[in-house]
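Values in this text are rule-based calculations from the coordinates and carry no lab data. Just so we're clear, the structure is a prediction, and the values are computed from it rather than from any experiment. In this analysis, Cβ positions are derived from the backbone assuming ideal geometry, glycine residues included, and neighbour counts consider all displayed protein chains.
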């Protein structure tokens with residue numbers, strides 16, 4: 001019963017984190033807040049033919065590219081890549097949440113940021129523990145994202 005509660009809380013925190021990360025990233029990109037984007041390795045790329053915004057992670061890959069990179073992978077290869085990319089994703093959410101703690105106007109945003117930091121820090125540790133338990137080395141390119149200074 002305790003494990004089920006932990007799983008439900010983790011899943012809820014994960015979903016909240018994804019939604020908050022997406023909202024903050026969209027705000028940064030759509031508002032062309034280059035200081036925030038550069039701080040978290042997010043770049044606003046504008047082609048000469050059309051203006052498009054592409055959000056990239058510390059790995060230099062956009063979220064779409066990270067998702068595409070997972071396609072076709074199964075088993076351990078999928079698990080290793082998924083966990084590695086999720087650590088990067090969660091760390092980005094924590095970094096943005098830390099900004100919200102000091103810069104947000106509304107207490108609701110600050111409360112959400114605190115919850116994101118708490119939940120996703122726990123999840124990052126869990127994923128790192130899995131990497132160790134399952135023999136996924138952190139020396140690989142995928143496993144090293146969380147050490148890239150995001």
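Residues 62, 84, ranked from the fewest to the most other C-beta atoms within 10 Å, line up as 62, 84. Computed from the C-beta positions of residue 64 and residue 118 and an R0 of 41 Å, the FRET efficiency is 0.90 to the nearest 0.05. Computed from the Cβ-Cβ distance with R0 of 30 Å, the FRET efficiency linking residue 76 to residue 107 stands at 0.10.
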